[in-house]
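The values are calculated or read from the model by the stated rules, or taken from the named source; none is laboratory data. This structure is a prediction, so every number in the text was calculated from the model and none was measured. A quick note on method: Cβ atoms are made from the backbone with ideal geometry, for glycine too, and the neighbour counts reach across all protein chains shown.
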Amino acid sequence: MSELAPLAIAVPLIASAATAALGAFAPRSLLAALNVAASAFATAACAVLARDAALHGSVIHWFGGWRPAHGVSLGIAFVVDPVSGALAAFAGLLTTAAFAYAWTYYEKDDGAFAALLQVFSAALIGFFLTGDLFNMFVFFELMSVSAYALTGFRSEDSSAVQGALSFAVVNSTGAFLVLTGVAIVYARTGALLMAQIAHSLGGAADPLVVVAFALIVAGFLVKASAAPFHFWLSEAHAVAPTPLCVLFSGIMVQAGLYAVARTYWSVFSGALGPHGDGVRDVLVAFGVLTAIVGAVMSYAQRHVKRLLAFSTVSHSGLMLCGIGLLDPRALGGVFVYVLGHGLVKGGLFMGSGILLNRYQTVDVEALRGKLRELPWLAVVLALGALGLAGLPPFGTFVGATLIDDGASRAHLGWLTVILLLTAALTGAAVLNAVGRMTFGWGPPPDPRAVTPGRENPETEAATGLRLVNMAIPTLALIALAIAFGFVPVASTAVAAAGAFADRTVQEAVVLAGGAPVPLPSGPAVPLGDGILHGAIGGALALALAALGLFADRLPIWPLLKRTYETAMRIPHAWHSGIVTDYVTWLTAGAAAFGAALLSLTR
Amino acid sequence: MSPRARGVLAAISGLALLLVVLAGFAKLPDFGVYLGPYGTLVDELAPIQRKIPNAITAVNFDYRGLDTMGEEFILFAAVAGLTLVLRKDRRDTTDAPLPSAGLRGRADRSDAIRAFGLAGIAVTIAFGVYVAIHPHLTPGGGFQGGTITSGFAALIFLALGYRPLKRYAPHQRTEPIEAIGAAGYVLVGVATLAAAGAFLANCLPLGASGEFFSTGTIPVINLCVAVEVVAGFVVVFGEFADETRFEVDDEAEVEP
Amino acid sequence: MSWLPYIVPAWIFVIGLYGMATSRHLVHLILCLSVTQSATYVLILMIGYRTGATAPVFSDVLSTVRATDPVVQAVTLTDIVVGATVTALLLAFALRIYKTYGTVDPQDLRTMQG
């Protein structure tokens, strides 16, 4: 069965090379079928592996057949546990949906778009499955390089290449932070396999271990778009082709978060465990900052794709808080949230892609009242907004419930309130936009404000069958997001997170060839409080959206408007669009992150 | 931020990061002391297990062959992206005669440059191929040798000019070759998975250490890498050479 | 011997970052990124070094001779490939930006303000 693990990346890579080699000659329909089939195969392979891992314990594939001898590993292993397998399968699923949606994309481009997307998805899958720290860096870079290239895809659009450049500069710098951390941990342990590093590090932490952890996690937080490393994200999303935004927001950012959790639990939890409180405080602080900055900026946007991008920043902060709690229950919640959020956000981005295709713009003010022509799309977007706010039965509420449980177990009740508010604000941002686009509600824009220019259409305006091609995946993702809330996944997720966080079993299985341990049944998870919570979140989202739409009828409106605009000047100034500013923030953020960890883990 | 504010913040946070990093580096083993065990073990085992004198190549193409596969696809993705970005606005123009505005014509290329450039082509290819095909015996390999070999395209451009480069190395031919090299690596992995039960596991006879035909799958994988690297870099040279075919002023649309 | 030589990669890393942050030209910025990356090569190769050891290629020497760590050298090779390809891609972006906007000063490229 473990042969499926390498095939899950080999098949997409071969499809990619074949698409590039045959792009100029083969009929388009053949290439499209080839790519959808390859993605579907990778998805199925990862799903089978995840199921196998849950039933019989972790599935391990040793590349080159180099099993560890005398407890020392010579090679690289893919270690598929239920979590990594499920996330890899989800990456495959979103890629398949993106290929189905993007049917029209690679008609004119020699298959380069499809070839790059296929490499990107293989890199994501490899990133999730690998059990080797340096190999993780390689897949991280592979994912990044293909993503930079795909972001610059619409290079006739003047801003696309600029967004891709910011993306590439900031993310490459993050990758170098990771590599520096990996290098010094290698100097200490002489190992690159995670289980072996954890084994060698033992239970003692000194500044070298803390700094290595800080550098690796800070680098992955760049990909996870935690503040103040998040600036690249809105630029990359604003210009990237829509099917790519689905993957960026739905799984790539989450891959960065997964790597943070993986790094802590599989590598450093033994050494840093005694300082768990310090690590928790730092991660939760960065998570809270990210959740707030993202939500506030999201609410202030009028470019729908940027709005959704900042909303991803906010939700990434929420998930970072869940990881930072260092609690298997909250971690299980994060994994459920990744799936729930990915489905909702994917549906929302695909909806915005339909707007862009039809009206050549995603500027809310330019679309005022236009959405009346597509009432079904307005409903889909509004539903997605409520999903972001965590309204049951969207899958997001199950994840949020578990994260809240973890927060109250850590005596951080205030965290629950902040996460509820920020999630509601991101939902309100979308509802606000839907209200304006559908009914023309809301105060008119400030005439002094800069009007965003007309976007270059990504594709020719779709009608008939092509519109159906775009509508089906959009509807399917939102429907799945709702259906996911009814799947009794919470208890399994907590059990899977427990296995994910169990370093000693991983060491025994990976390093010593011990028998894999099947997933135990998880604890019962009552969702009653969560449903109430989610309902409050949904109501808050509606209220905040109404505030944005109708506050101009209040007597205190001029004061309110002036205060809001003055306050917003500060975060707007941070998001200056200048790549050198972003590098400066990254340097400051990495230094602050490292210094905080060093001082709190002494 | 104003440039001045940015400079100050960058200097302060750079210094802070330096201190953080040094706090960790101070606990590194003393310079010149390598504790192992990974590298020590590979040095001991590679000559025995793989009959290969070059332990670095054993790591690159066998023990950690998956890293190298990822690396080849990083090259593949970067070349594809570079081509997309540069070629977008001059699609299908590369075959047609192009305006020569802004180009240094054949006339002002000195005889010395042409003579040495032409002589250099043969030397470059011979040396590059030699480095590329002996990864198991001497330092070198598909990537190093491939990079050197691909220099022939730059020399053609230098000595003979744009059109000969496009004639001898048209992208219609180099791009599929590059893709075949990349796919070859993965296909070797799939074949060994079928034959030996593990991806990239050796299933060919190892031969005698020090022989040209030895070390099993390593030369096969190396060949795929060499092919991909040569073709990939020739595509890159070709794309940047295409850029010289336009006057910059024609293209600039300065936005207010 | 001591840890003092490790100041070199730390300094290269940070000075590359400072160069990027204060850059006024995209090509300069991209090269500063390469400077930061070269800090990782220097660090990784230093880590695998052994005083008085030979290269881990046993064609002309016995395999029992004390040799340096081959893993760090393989890892550095991978790192160099990543660096070269990312630089090529970034330079293509810079070229495209210059052709569109007529400037390569990051300060002037602020259409994305948000």
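Quick look at the values:
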{"item": "All helices (runs of 4 or more DSSP H) inside segment A:193-303 with 1 or more residues being touching a Phe, Trp or Tyr at 6+ places or on another chain (Cβ under 6 Å)", "result": "A:207-223, A:231-239, A:242-247, A:253-262, A:276-299"}
{"item": "Elements of type helices (runs of 4 or more DSSP H) in segment B:130-234, at least 1 residues being away from every other protein chain (no Cβ under 12 Å)", "result": "B:142-159, B:162-168"}
{"item": "Search result, residues across segment A:93-122 that are within 14 Å of chain B (Cβ to nearest Cβ) and either outside any helix (DSSP H, G or I) or modelled with pLDDT under 80 (or both)", "result": "A:105, A:106, A:107, A:108, A:109, A:110, A:111"}
{"item": "Meets criteria (surrounded by fewer than 24 Cβ atoms within 10 Å (Cβ to Cβ) and in contact (Cβ under 8 Å) with a residue 40 or more places away in the chain) for residue A:217", "result": "no"}
{"item": "Conditions (1) crowded, with 22+ Cβ neighbours inside 10 Å; (2) at pLDDT 95 or above; (3) β-branched (Val, Ile, Thr); number of the one not met by residue C:47", "result": "(2)"}
{"item": "Residue in segment C:17-32 that is basic (Lys, Arg) and closer than 26 Å to residue B:25 by Cβ present", "result": "no"}
{"item": "Yes/no for residue A:390 being buried (at least 23 other Cβ atoms within 10 Å of the Cβ), over 14 Å from the mean Cα position of the chain (by Cα) and more than 17 Å from residue A:476 (Cβ to Cβ)", "result": "yes"}
{"item": "Top-ranked residue of segment C:1-47 - restricted to ones that are small (Gly, Ala, Ser) and facing another protein chain (nearest Cβ under 7 Å), ranked as farthest from residue A:172 (Cα to Cα)", "result": "C:2"}
{"item": "Residue selected from segment A:576-602 under the condition surrounded by fewer than 22 Cβ atoms within 10 Å (Cβ to Cβ) and facing another protein chain (nearest Cβ under 7 Å), by the criterion nearest to residue A:274 (Cα to Cα)", "result": "A:598"}
{"item": "Test: residue A:90 is away from every other protein chain (no Cβ under 12 Å), among the aromatic types (Phe, Trp, Tyr), surrounded by 23 or more Cβ atoms within 10 Å (Cβ to Cβ) and in contact (Cβ under 8 Å) with a residue 60 or more places away in the chain", "result": "yes"}
{"item": "Residue ranges of helices (runs of 4 or more DSSP H) in segment B:1-82 with at least 3 members within 7 Å of chain A (Cβ to nearest Cβ) and modelled with pLDDT of 95 or more", "result": "B:3-25"}
{"item": "Extreme residue, nearest to residue C:41 (Cα to Cα), among residues of segment A:123-143 that are touching a Ser or Thr at 6+ places or on another chain (Cβ under 7 Å) and within 8 Å of another protein chain (Cβ to nearest Cβ)", "result": "A:138"}
{"item": "Hey, residue A:148 crowded, with 24+ Cβ neighbours inside 10 Å, free of Cβ contacts under 8 Å to residues at least 24 places away in the same chain and either under 30 Å from residue A:472 (Cα atoms) or more than 9 Å from chain B (Cβ to nearest Cβ) (or both) or not", "result": "yes"}
{"item": "Answer residue from segment A:1-52, given it is assigned to a helix (DSSP H, G or I) and charged (D, E, K, R) and is farthest from the other protein chains (Cβ to nearest Cβ) among those", "result": "A:51"}
{"item": "Of residues in segment C:79-93 being surrounded by 24 or more Cβ atoms within 10 Å (Cβ to Cβ) and among the β-branched types (Val, Ile, Thr), the one farthest from residue C:26 (Cα to Cα)", "result": "C:82"}
{"item": "Some residue of segment B:145-161 being free of Cβ contacts under 8 Å to residues at least 12 places away in the same chain and not basic (Lys, Arg)", "result": "no"}
{"item": "Every residue from segment A:149-181 that is at pLDDT 95 or above and out of contact with any Ser or Thr (no Cβ under 8 Å at 6 or more places or on another chain)", "result": "A:169, A:170, A:174, A:177, A:178, A:181"}
{"item": "Test: residue in segment C:94-107 that is more than 25 Å from residue B:143 (Cα to Cα), more than 7 Å from every other protein chain (Cβ to nearest Cβ), surrounded by fewer than 20 Cβ atoms within 10 Å (Cβ to Cβ) and without any contact (Cβ under 8 Å) to a residue 12 or more places away in the chain", "result": "yes"}
{"item": "Within segment C:52-77, tally of residues that are hydroxyl-bearing (Ser, Thr, Tyr), at the interface with another protein chain (Cβ under 8 Å from one of its Cβ atoms) and out of contact with any Phe, Trp or Tyr (no Cβ under 8 Å at 6 or more places or on another chain)", "result": "2"}
